[in-house]
Amino acid sequence: MDLFALLAAELPQPSNELSIEVGLSGGLDSVVLLHLLARLREQKNFKLRAVHVHHGLSPFADEWADFCETLCVQLNVDLRVAKAAINAKGKGIEAAARAGRYRIFSDGLCNILALAHHQDDQVETFMLGVARGGGTRSLAAMPKWRDLNQSIKIWRPLLDTPRAALEHYAFEHDLAYVADESNQDTSYLRNWIRHKALPQWKQRVPNIHQQILANVRSLQDDLALLDEVTQDDYHRMLSDGLFQVDWWRGLSELRRRRVLHYFFQIYKIRLPSHKTLSDMARILLEAESAQWQFDDISIELYRDILYVRTIHTENYPWLGHKGIQGRLKDVLLENGFTLKPHRFGLSEQVLMDVGIVRKVTSSDVIKLEFGQKSTKKMLQECHILPSVRQIWPIIANADGICLAVANLKANQDFRDFDGFLPIYDPLTKYITELNSTKNVIR
């Protein structure tokens, strides 16, 4: 097997626009991949660098980092060494270490992250999926290409290559590499599969690796088709960027579940348990309004549309117990409001008086040209999300009279023909009656 020719054929084109970072552990697989790419760089003229993740889990971790630095000097490759914070709470050490690695990989100054997973790794990953009951996506194991984030793609060019071919290449080119002693520890499930389970399967089914890889290829095709159908459903369901729940309800049960699953992926929301997702689907079928929270993300059903709010960005200064008080013009401008010239806005004189900016209350009313209206009713008529109405800012005078509802209207008795309407720009996107182009609130 000519690995150099194989890699040359796999390299994306045009290669001179590529910036590739190799995940370099110092083990056989990543050393061979880096050596191959360093040779190929001389022909294809792409940028090449490497990253070594220092987990600190082995007593030899510092030696591995030193080895990688020496190797990269020999190959004339820039190397960054990054220490990973391992938080194993709620997960095993393997999963925590992997999460730490991928956080570091996401910081790479590259457009391709090259990882050295090979054919034997693919077989083991399938078996792990079987053991853990991960479903189709887990059984489809590792794709050759996938997005790491918006700017970096993961590339696994050696997935069709058996480990024996990598060993042969290292021998031919006299490559040194390190050996991770933890790879022999069969208390880890992957190692047990590698050293105990698969050898026994191979005794009974000599071509078990080929059978598993055939299954993986078939599952990847099935998964690609499933994703295609799901994405088509999802985009047909959108109207002006909005998740139309009525259209979603018209799908079959399985397609509804897949679209909801995809919705979580699109907005990078932590996927809930199967039961939670099923409960959410049931409520969406039956309810007129509902709200869910996942970490710092709020999902809200309102007027047959599903909205997403990123709560951690909300830091509104008027939500304190007493709001914010002082000369209104100063208070507004110092706390992120703008004063937009408005045909029927607050007069300059009113803005120079002492007042308060606070959240809306159930007793607030605003005087209109004819009669008066509850401020909460006004927010409802503008189709502002119910949860957001509770935090909407009201501008009041020292006597507690509502002078204006921010972004919407000024009190008839306190406005001027050439006045100013207090605007808090981050709230404009919540006025869905006036701004219905997006359902993502950042």
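Structural remarks
Each row is one residue, and each column tells you yes or no for (1) surrounded by fewer than 15 Cβ atoms within 10 Å (Cβ to Cβ); (2) not small (Gly, Ala, Ser).
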{"position": "MET280", "(1), (2)": "no, yes"}
{"position": "ALA287", "(1), (2)": "yes, no"}
{"position": "ASP295", "(1), (2)": "yes, yes"}
{"position": "ILE299", "(1), (2)": "no, yes"}
{"position": "ARG309", "(1), (2)": "no, yes"}
{"position": "GLY323", "(1), (2)": "no, no"}
{"position": "PHE337", "(1), (2)": "no, yes"}
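- Filter pass, LEU158 being more than 30 Å from CYS68 (Cα to Cα) and crowded, with 17+ Cβ neighbours inside 10 Å: no
- Residues that are surrounded by fewer than 19 Cβ atoms within 10 Å (Cβ to Cβ) and in contact with a Lys or Arg (Cβ under 9 Å, 6 or more places away or on another chain), drawn from segment 383-400: HIS383, SER387, ARG389, GLN390, ILE391
- Tally, over segment 161-187, of residues that are assigned to a loop (DSSP other than H, G, I, E, B) and either modelled with pLDDT under 95 or open to solvent by less than 80 Å² (accessible area, probe 1.4 Å) (or both): 11
- Positions within segment 228-269 being acidic (Asp, Glu), at pLDDT 95 or above and farther than 28 Å from LYS429 by Cα, in sequence order: GLU228
- Those residues of segment 140-155 which are of a type in the set (A, V, I, L, M, F, W, C) and surrounded by fewer than 21 Cβ atoms within 10 Å (Cβ to Cβ), in sequence order: MET142, TRP145, LEU148, ILE152, ILE154
- Filtered residues of segment 311-321 (kept if open to solvent by 60 Å² or more (accessible area, probe 1.4 Å) and either free of Cβ contacts under 8 Å to residues at least 24 places away in the same chain or at positive phi (or both)): HIS312, ASN315, HIS321
- The criterion of at least 1 residues that are touching a residue at least 60 places away in the same chain (Cβ under 8 Å), closer than 18 Å to ILE154 by Cα and not polar (S, T, N, Q) is met by the following strands (runs of 3 or more DSSP E) wholly inside segment 1-97: 19-23, 47-54.
- Within segment 75-84, the presence of at least one residue that is of a type in the set (Val, Ile, Thr), closer than 26 Å to ASP160 by Cβ, surrounded by 16 or more Cβ atoms within 10 Å (Cβ to Cβ) and touching a strand residue (DSSP E or B) at 6+ places or on another chain (Cβ under 9 Å) is confirmed.
- Annotation note: Cβ proximity below 7 Å between a residue of segment 244-262 that is within 22 Å of ALA224 (Cβ to Cβ) and touching a residue at least 24 places away in the same chain (Cβ under 8 Å) and a residue that is of a type in the set (Asp, Glu) and open to solvent by less than 70 Å² (accessible area, probe 1.4 Å) (sequence gap 6+ or interchain) occurs for ARG255/ASP233; VAL259/ASP233.
- Out of THR361, THR428, sole residue that is of a type in the set (Ser, Thr, Tyr), surrounded by fewer than 17 Cβ atoms within 10 Å (Cβ to Cβ), in contact (Cβ under 8 Å) with a residue 12 or more places away in the chain and within 30 Å of ILE269 (Cα to Cα): THR428
- Residue match in segment 108-115 (condition: open to solvent by 20 Å² or more (accessible area, probe 1.4 Å) and either of a type in the set (D, E, K, R) or within 14 Å of GLY56 (Cα to Cα) (or both)): no
- In segment 327-343, the residues that are free of Cβ contacts under 8 Å to residues at least 40 places away in the same chain reach residues that are open to solvent by 90 Å² or more (accessible area, probe 1.4 Å) with C-beta atoms within less than 6 angstrom, at least six apart or across chains, in these pairs: ARG327/VAL354.
- Unique residue being assigned to a loop (DSSP other than H, G, I, E, B), within 24 Å of ILE104 (Cβ to Cβ) and not acidic (Asp, Glu) when the list is SER138, SER151: SER151
- Residue among ALA176, ALA224, ALA214 that is out of contact with any helix residue (DSSP H, G or I) (no Cβ under 7 Å at 6 or more places or on another chain) and more than 26 Å from LEU128 (Cβ to Cβ): ALA176
The values are calculated or read from the model by the stated rules, or taken from the named source; none is laboratory data. What you are looking at is a predicted structure, and each value in this text was computed from that prediction instead of being measured. Positions of Cβ are generated from backbone atoms using ideal geometry, with glycine treated the same way; all protein chains shown enter the neighbour counts. Side chains included, ligands, DNA and RNA excluded: accessible areas come from the protein's heavy atoms. Shrake-Rupley method; radii C 1.70, N 1.55, O 1.52, S 1.80 Å.
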